[in-house]
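The structure under discussion appears below in the form of C-alpha cells.
Read-outs throughout are calculated quantities, based only on the coordinates presented, and are distinct from any laboratory measurement. Since this is a predicted model, take the numbers as computed values, not measurements. So basically every Cβ, Gly included, is an ideal-geometry build from the backbone, and we count neighbours across all protein chains shown.
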Amino acid sequence: MKNIITVLLIIIVSINAKAKDNIFKKTFKYATIYGAYSQTNSIQAPQTFIVTQQNDLIETTRKHPADMMVTYGVRKLAFFQYEDRNKFYDGTEKNASTKSNIGAYKGLEYLVEYSRGRQQSREFNNQEIFVRYLSKFWLVKGEYKKNELIDIDYKSAEARLRLPIGKKLSLSAGAIYRTYEKAYGHNPIEKYLEENAWWTLAYEFGHTDQLYQMINPFTQEVMGYDYQWFNQQGNLIAASDADYRNGVFQNVVNIYNAEQLSMIGSFADLAAVIGLDFYHYKKNFWLHIYGNILTKQQLMQGDKRYSYNNFVDGDWIDYSAGSVFGFRIGKNLGVFSEVTLQRYWDRNLKEIKVGLNYKL
C-alpha cells in the first residue's frame with residue numbers, strides 16, 4: 001500500500017491514454033506549478049519578569065519567532081463557477097473539488113503539494129497528494145494526506161459508482177481502502193497508569209527523587225513533606241512533585257507515548273463509502289453541498305488489539321462534509337459562507353467562514 005497513489009495514477013493515466021493521442025500533453029495541459037513563501041509576526045505573550053535574591057530584574061517572556069510557511073506543488077483542478085479563476089496560487093487555497101465527488105471537469109484531476117512552516121514556534125511539514133478520474137457514472141480516487149498540525153497521516157484509494165439525478169444532484173457509493181501508521185484512539189500512558197504509579201515511569205527514565213521536610217522559616221513549624229527531583233547527572237530539575245509533573249514529566253509522557261506507538265506498526269481498513277453532492281449556480285445565488293460517510297469498517301491489516309474498533313462503541317462512522325453558499329442582493333449586498341468538516345478516527349478538522357459584503 002505504500003505506492004498505492006502511484007499505482008492508481010498509472011491506472012488512471014492508462015485509461016486516459018486510450019482516449020488521448022498525446023498523453024503527456026493532455027495530462028499536464030492546464031496544470032499549474034507554483035511556489036510561495038509567507039511570513040507573519042507570531043502572537044507574543046505579555047511581558048513577564050522575575051526578581052532574583054540580589055534584586056536583579058530578569059525578563060522571562062517567552063518570545064516566538066515569526067510564523068512562516070513555504071509551499072510548492074503542481075495542480076490541475078478545474079474551478080467551479082463560484083471560484084476565483086484569476087488569483088495566484090499560494091498554497092492556502094481550499095478547492096472544493098478535492099473534497100466533493102463531482103468536479104467542474106470530467107476526466108483526470110490532481111494535486112501534489114508540500115508545505116513546511118512554523119506556527120507559534122512549532123515546526124511542521126504537511127503533504128497532500130490527490131488524484132481523481134471522474135466519469136459520468138463512476139469515479140476512482142487516490143489520496144495521501146499528512147497534516148502535522150492536527151496529527152493525521154493516511155493514504156487511501158477508492159472506487160465508486162455514480163448516479164446523477166437531474167443536473168444538480170449526484171449520489172455515489174463504493175469502497176475505500178485506507179492505510180495509516182498510527183494506532184488512533186490508543187493512548188499508551190493511559191494504559192500504563194492503570195497498572196503503575198506515575199513515578200515508576202519517572203524512575204524508568206533515570207530520574208530520582210529525594211524526600212525533604214518543609215519548615216516555616218519564621219515559626220519553625222513543620223509544613224509537610226515533598227520531593228525534589230534530579231536527572232541522571234544528579235542535577236536538580238524540579239523542587240517538588242507538582243513542579244515535576246507540570247513540567248519535566250510532560251516531556252517524559254510524550255517520549256513514552258511516541259516510543260510505544262512506534263512499536264505497534266501500521267494498519268489498513270476497508271470500508272463502505274456513500275456520497276452525496278448537490279450543485280446549483282446562478283449569478284446571484286449558488287449553493288454547493290457535499291458529504292461522504294464511511295461505515296462498516298473492517299480491519300484488513302494490523303494488530304487487532306490496537307484497532308480503532310476497540311476504542312469506540314460499535315461500528316464507528318467517519319465522515320467529511322462541506323458547503324459553499326453565496327447570495328447577492330441587488331448590486332451592493334452579498335452574503336457568503338464556507339464550511340468544511342471532517343472526522344477521521346479521532347481527528348477532527350473544522351473550518352467555517354461566514355461573511356457579508358456591502359459595496360458603497
Solution diffusion estimate, µm²/s, Stokes-Einstein, the range 188-262, Kirkwood Rh from C-alpha pairs, 4 °C, viscosity 1.567 mPa s: 95 µm²/s
Tensor-based shape of the chain (alpha-carbon gyration tensor, a/c under 1.5 rounded, otherwise prolate or oblate): prolate
Point-to-point label distance, LYS168-GLU190, nm (Cα→Cβ direction, 7 Å offset): 4.4 nm
Percent of Cα pairs exceeding the 13 Å cut-off, where the set is the range 238-288: 77 percent
In the range 127-215, trypsin sites (Lys or Arg not before Pro) in a DSSP loop with at most 16 other beta-carbon atoms within 10 Å: LYS136, LYS167, LYS168
Per-pair calculated FRET efficiency, R0 = 25 Å: ALA159 and GLN298 via Cβ, rounded to 0.05: 0.95
Extension gain (nm, one decimal) between GLN250 and THR32, 0.36 nm per residue minus Cα-Cα: 74.0 nm
Extension gain from ASP315 to ARG62, taking 0.36 nm per residue of separation minus the Cα-Cα distance: 86.6 nm
Packing-based order for 209-221, 339-351, using average beta carbon neighbours within 10 Å, highest first: 339-351, 209-221
Pairs from LYS168/LYS331; LYS76/LYS141; LYS76/LYS350 whose Cα-Cα separation, in the structure shown, is over 20 Å: LYS168/LYS331; LYS76/LYS350
Cα convex hull volume per residue for the range 41-174 (Å³): 150 Å³
Placed amide H near ILE237: partners under 5 Å, 5+ positions off or other chain: TRP229, PHE230, ASN231
Gained length - TYR203 relative to LYS106, 0.36 nm times residue gap less alpha-carbon distance: 28.8 nm
Förster radius 45 Å - calculated FRET efficiency between GLN39 and HIS280, Cβ distance, rounded to 0.05: 0.70
